[in-house]
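Following: one structure in C-alpha cells, then a few remarks.
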Amino acid sequence: MNKFCHLSLHSEFSINDGLINMEALANKSSELGFDSVALTDSSNLFGFVNFYESMRKKGLKPICGSEMILEGENSRGNLTFLVKNHLGYKNLMRLISHANTKGKKNKECLINTKILKDNYEGLIMFSGGLGSQISDSILSDKFELAEKQAKFFKEIFKEDFFFEITRLGFEGENRCNSALLDLSKSLEIPVIASNRVRFLNENDYESHETRVSIQSGYVLSDPRRKRDYKEAQYFKSSEEMLHDFADIPEAIENAYEVSKKCNLEIKTGVYVLPDFETPNNLKESDYLRKLAVEGILEKMKLKNFDQLPSVYLQRFNYELETILEMGYEGYFLIVADFVNWARNNQVPVGPGRGSGAGSLIAYSLGITGLDPMKYDLLFERFLNPDRISNPDFDIDFCRDGREKVIDYVTNKYGNQAVAQICTFGTMAARAVVRDVARAQGKSYSLGDKIAKLIPFSPEMTLEKALKENKELKQILKLDEDASEIFDMALKLEGTARSVGKHAAGVVIAPSKINDYSPLYLDADTYDESVPQSYATQYSMEDIEAVGLQKFDFLGLKTLTVINKALIEINKYRESIKLEPINLDELNLDDKGVFELLQKGITTAVFQMESRGMREYLIKLKPNTFEDIIAMIALYRPGPLEMKMVDTYINRKNGIEKIDYSKDHNIEKILKSTYGVIVYQEQVMQLAQEFSEFTLGQADILRKAMGKKIPEVMESQRQAFIDGAKKNQKISRVAEDLWDQIETFAGYGFNKSHSAAYALISYQTAWLKSHYPSQFMASALSSELDDTDKIKVLIDDASSLGLKIEPPNINKSFRDFISLNEETILFGLGSIKGVGENAIENIIEQRKKGDFESLKDFCFRVDLSKVDKRCIEPLIKSGSMDVFNIDRFQLLDQMEDILKLARQEIENKENGQSDMFGVQEFSVESKSSLKESFPSSGLSTLEFESLGYHLQHHPVEENYWELKKISPIKIKDLLLSNNNQRCSGVIISHNRIQTRRGTIVFATLDDNSGRIELIINQEVLEASNLSFNGQEIIIADGEVIEEDGKKNKEFGLSKKMRVTQLNTLEELRIKFARKLSINISENQTKKIEQLIEQLQDFSKEESPNGCPIEINYHTKDGKVGMELKENFNISLTNDNFESLKKACGMKNIDLHYYSRQ
C-alpha cells in the first residue's frame, strides 16, 4: 500500500468548485493503491455518507473532514478539519451546522474562534494552505502575526495541528511554504503535503473550469473571471506526490500518519426516534394498543372489542403483534398524533398513500381513511416481518395546511430536533447543454437548438438522446461548436448543481438534529428576526443510513380543491337547512359518478384528467369502485405497453374470454380484475395460495420481480414450483402460472396506493357530478398561475353548462367564486400582473363602496400596491368594463388619471389642497373612438392579460374576413380523405422527436370546437408558425377520426393530418385581389385624409401590394374609384389594423381570388 494519503479533496458537493464523483473516486483510489482518502468539502458533509459507503465497498478507509472559513476580528481564512473519532464527528457536524445557519453571511458559511474552542475535541486541523489567515499574514509580511496565529491554533489542537504545504504553482506559494517550514521548526508544528484536489484526472481541468464558470456565471474566456485553480489539482498518485515533495519527505510521511489517526466508524441500520409522551406514563406499546382498539371500535360502530368480526380480530392482533415485535410502536404513535392533530385543526388529510393504506392498525389510528379488509389490501406489503425495513407512511395534507402540521411537530419536539431534508439538483441533459454553451461563450441559439433536440424526460440522458435523434447526430457532425458543447456536456452531466429542500421529507430526532446530520439553511444570510427553516445536509437516502427516521409530509393540491369546494357547498346547504356533506360517509356506488366517468367528463377529477385516461374510461364504462382502483393501477407506461389495459377492458366487456386454469384459488384472487394480474398484492396472494409462501416470503418474491435480477428470479421460480408441488398442484399449471406472474408482475402496482387514490378520484368525481359550480370554482382557484390549465378548466366548466362571468372590479375576489348553481365569477388572481397585495387593497377599499370610475379607483387604492403594471391588465381583462367605457379609452386615460392621483397624494402629504378641487377629467379618448373598435382588438387585450380568450376570440373578430377563405367551422368538419380547410388559433402544442423527424401535435381552436393537428417536419419547415396562441392559422389537410371509433355522446373526436399551414396574414398578402373602402357622402373630408394615409403606406416597398378601390356612396348610388398602382398596399397585420382604425372595420371589404 502507498505511504501517502490525500487529506484535502473537494467532491462535486462543493458546488462552486468540486467535480469529483464518489464512486469514481473510490475506483481511482483503489486503482492507485491508496488505503484511505479524506473528503473535505466546503463547509458541508452533503456527500459524506455516499463517500463513506463507496469507499467501504472497495475495502478502503474513508476519512471525514471539511474545509471551513474562520472569521477573526480583522480577517478570515480557510482551515481544514479531519475527524479522528465519533466525538470529532459530532463536533464537526456542530461546526458545520453553525457555519450554515447562524454563521451564514452573504452566502459565505463562517465559524468564529468561540465556536471553534467549544467544539475542537476529536478533530485534526490544518492551517489551510493559501487563502488561510496564516498564509495571508505571511504574504502581507506580518510574520509576527502569523506566528501568533499558529500558536493560537496549536494551543487548542496541540499535536493535532499541522501546517498545510502545497506545490501547485500559485503566485506567492513558494514564499509562503518557506515561511511555514521555518515556523514548523521554531514552533514544532509538523507539515503535511497537500494537493488540494478538485478534479480526478489530469485531463479534467477544462471540465472543472467549465463547471466553475457555470456556477460563477462567467464565460471561460472572460478576462475578469478569477483563475483560482491550477491544472495540477488532480488526484495524483503517491509517486507523483513523492516527486513533488522530494525535498521534504516528512510532509508525505506526516500525511500518512495523520490518516492513521482518523478512524471513524458509522453504524448504519440502527434507527432512533424521540420518546413519545403518553398519558399517565403508559408504555408506548400499551398506549398504541389502547388507541388502536378505541379507533377500530369507532370505525366499526361497535361497543366491545370482542364484537369484531373474526377476520378483523385476527388481522388486528397479527398487525399489532408484528408492530410491537419489530419495535415500531413509537413510529405509529408519532404519525397518528400529527395526522389526527391535522384533522382536528381543519387541515384536510388524504385517505392514504403508498403501501401504508394496507394496515388495519393504521386505519384504526386514523392515519389512513380506507378499510384495507374491504379491498384485500395486505399489511405485509407495508411492514414485512421476513424482510426488515423501516415503515414509511407517506401522508398527503391539504397544500395550504401542510406547513401548519410541520410547525406543530416542530413545536412538539423542539426546533432543534426537527428539520426538513435536503435534496440536490443535478446538471440534467437539457440544462447542462445550455449551461455549457453559455460558459463556452457559444451563441444562445445554438445551445437552445441542441437542448430542444433532447427529448424532455426525467430519465433522458445525453447518450440516450444521441442514439435516438438523427438530427442531433447530424448537427454534431457538421457543426464544430455544437460538438464542443455536447462533448463537454457529456462530461458534466449528472454533476450536483444546486442544493434545496425535499418537497416532503422531514426528520424528527431524539435530540439535536446536528448530533446526527449537519444542518443547512436555504438562505443567503442568517436573520435571527425571521423564523428559520433548516434542512439536514444528508439526503433522503443518507438520513436513513445514519439512523434517522424520515416522515413524509406531502402537500396534495386536490385536497385543497376538495376542502374549498366543501366549505362553499356546506355554506349553501346550511342556507337551505340541509346537513353538511361528509365525504367519508359517501356510498361508493353513486350513479352520477359512474355516468361522469363513463362519458370521460373527468377534467379536474383526480388521476383521471389525461386524454388517454378519458379514452380508456369511455371504453371501459366503469360501474364499480374496483374499476377505478384498477384504472389508476393500469394507466402507467408498463401496463399500457403490454396492452394490459385493453385486456382488462375487453374481458370486463365480454369481448375476451377469461381463463383461470380451472383453479378456484386463482379465480378467487384474480376475479376482481378479470384474470389480469394488476396488483403486486395479487402476486403475493397467488404465491401464498398456490405455493404456500408466507405473505412475508411472498413480499420478497414481489420485490425480486420488480428488480428482475436473473439469479434471484431463478431461485424464486424454483421455490414457487417446489411449493406448488408440496401443495399438490399440477406442475404444468404451476409453470404456466409462474410464466404469467413473471410476465406481468413487473408491471403490477401497489393496490393499497391505488385504492387510497381511487377514493380521492371518486370524491372529486362525486363533487363534480353533484356540485359542479362549487367544485369547478375551487379547481380554477387552485390553478391561478397556470394559464393553460385555467383555459382547460374554463372550457370544461362551459361544457357542463356553467357560465363564467368575466372579472369585475366591484365583485371579483382573488379566487374564482361560485355565485349560484349555474355561474362562476372570474378571480382577479388569474389576471397576469395582479398580485396578492394589490387584490387585498382593492377588496379593502371596495368595502367603502363600489368603484364608480377609473378615476375613483385610482384615487382610492394604494398606488404603491396597485400600480400601472397592475391597473393595465385589469383594464385589458375587462375587469373595469363595469364603468361602461371602452377598454381602449380607459387605457388612453390611465396615465393622466394616475398622474392626477399621484399629485393628489403628494398634495395631501405636503398639507396642500387644490382650492378648485381635483380637475375634471374627460372620458373622451385622445386617439381611438369607441365606434372604431366594436370588438376588434379586444381578443388581443384579453390574451395579453389572461393568456387565453375569455369573452372575445380572434376567429370571431376576424370571421368577416375568414369566411371568404376558410368558411367551415371546426365543429362542421367532415371525415373525408379529401383535403379540407379550417382556421383557428393554436392553444397548445407538443413537439416530439421520431425516426422520421420532428412531429408537432397542436390543438387548433376556433371557438366552435377544437381539432388536433398532426404536423410533420416537412410541413413545419415550410411554415412560419410561432405557436404564440394569438396568431390565426389556416390549416389544410385530411380529417381523420381518432382511433377510428365514434363516440356518440360527444360526436366525433377529430384530427387533421396537415398538408399545408399558413397564417391569415400570409394568405391575405398572397391572395387578396382587391381592398374596397366604403365612404358615405357625409364623409367627403375623410377621403382626403385617407388618400394622405394611403400615400404613407405606399412609401413602403410592396412587391405584393393589393390594389385599392374607394366606393363613394350617395343617396343616388355608388361611385367606384380604383387607385393607381403606386397606392397598392401590402396587407400585413399592422397595415391592415391601421386601415381598420382609420376607416372603421365595417367600411372595409376584402376580395379574394377564388382559389387560394
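The values are calculated or read from the model by the stated rules, or taken from the named source; none is laboratory data. What you see is a predicted model; the values in this text were computed from it and never measured. So basically every Cβ, Gly included, is an ideal-geometry build from the backbone, and we count neighbours across all protein chains shown.
Brief remarks follow.
- Qualifying positions in the range 1-25 - under 34 Å from the mean Cα position of the chain (by Cα), under 21 Å from Glu240 (Cα atoms) and surrounded by fewer than 23 Cβ atoms within 10 Å (Cβ to Cβ): Ala24
- Within the range 576-602, being assigned to a loop (DSSP other than H, G, I, E, B), among the β-branched types (Val, Ile, Thr) and at pLDDT 95 or above holds for Ile581, Ile601, Thr602.
- Failed item, numbered, when Lys1074 is tested on (1) in the same structural domain as Ala1142 (by TED's automatic domain parsing); (2) of a type outside the set (A, V, I, L, M, F, W, C); (3) modelled with pLDDT under 75: (3)
- Counted residues, the range 816-866 - those being surrounded by fewer than 21 Cβ atoms within 10 Å (Cβ to Cβ), touching a residue at least 24 places away in the same chain (Cβ under 8 Å) and farther than 23 Å from Glu568 by Cα: 12
- The residues listed here are Phe332, Phe338; of these, the one that is of a type outside the set (Asp, Glu), part of a helix (DSSP H, G or I), farther than 20 Å from Tyr375 by Cβ and out of contact with any strand residue (DSSP E or B) (no Cβ under 9 Å at 6 or more places or on another chain) is Phe332.
Yes or no, residue by residue, for (1) in contact with a Pro (Cβ under 6 Å, 6 or more places away or on another chain); (2) crowded, with 23+ Cβ neighbours inside 10 Å; (3) under 18 Å from Lys668 (Cβ atoms):
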{"site": "Ala687", "(1), (2), (3)": "no, yes, yes"}
{"site": "Thr694", "(1), (2), (3)": "no, no, no"}
{"site": "Ala698", "(1), (2), (3)": "no, yes, yes"}
{"site": "Arg702", "(1), (2), (3)": "no, yes, no"}
{"site": "Lys707", "(1), (2), (3)": "no, no, no"}
{"site": "Pro710", "(1), (2), (3)": "no, no, no"}
{"site": "Lys726", "(1), (2), (3)": "no, no, no"}
{"site": "Ile741", "(1), (2), (3)": "no, yes, yes"}
{"site": "Ala758", "(1), (2), (3)": "no, yes, no"}
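- Matching entry among Phe553, Phe606 (being part of a loop (DSSP other than H, G, I, E, B), touching a helix residue (DSSP H, G or I) at 6+ places or on another chain (Cβ under 7 Å), under 28 Å from Ala336 (Cα atoms) and hydrophobic (A, V, I, L, M, F, W, C)): Phe606
- Single residue of the range 924-946 satisfying the filter (part of a loop (DSSP other than H, G, I, E, B) and loosely packed, with under 15 Cβ neighbours inside 10 Å) that is modelled with the highest pLDDT: Ser935
- In the range 806-909, counting only helices (runs of 4 or more DSSP H) that sit wholly within it, the ones holding 2 or more residues that are hydrophobic (A, V, I, L, M, F, W, C) and at pLDDT below 95 span 887-909.
- Only listed residue being modelled with pLDDT of 95 or more and farther than 19 Å from Asn263 by Cα, chosen from Leu19, Leu45, Leu7: Leu19
- Here Tyr660 meets the list (1) more than 30 Å from Met613 (Cα to Cα); (2) without any contact (Cβ under 8 Å) to a residue 40 or more places away in the chain; (3) surrounded by fewer than 22 Cβ atoms within 10 Å (Cβ to Cβ) almost entirely, failing just condition (1).
- Options Lys571, Lys621, Lys599: the member that is free of Cβ contacts under 8 Å to residues at least 12 places away in the same chain and either surrounded by fewer than 17 Cβ atoms within 10 Å (Cβ to Cβ) or outside the structural domain of Pro372 (by TED's automatic domain parsing) (or both): Lys571
- Residue match in the range 399-413 (condition: assigned to a strand (DSSP E or B) and either buried (at least 19 other Cβ atoms within 10 Å of the Cβ) or of a type in the set (Phe, Trp, Tyr) (or both)): no
- Highlighted here are the helices (runs of 4 or more DSSP H) found entirely within the range 656-719 that include at least 1 residues which are within 17 Å of Phe382 (Cα to Cα): 680-691, 695-707.
- The condition of being outside any loop (DSSP other than H, G, I, E, B), within 32 Å of the chain's Cα centre (by Cα) and β-branched (Val, Ile, Thr) holds for Val645.
- Tally, over the range 183-236, of residues that are in contact (Cβ under 8 Å) with a residue 60 or more places away in the chain, among the aromatic types (Phe, Trp, Tyr) and surrounded by fewer than 21 Cβ atoms within 10 Å (Cβ to Cβ): 2
- Within the option set Gly696, Gly675, being closer than 22 Å to Met642 by Cβ and assigned by TED's automatic domain parsing to the domain that holds Ala719 holds for one residue only, Gly675.
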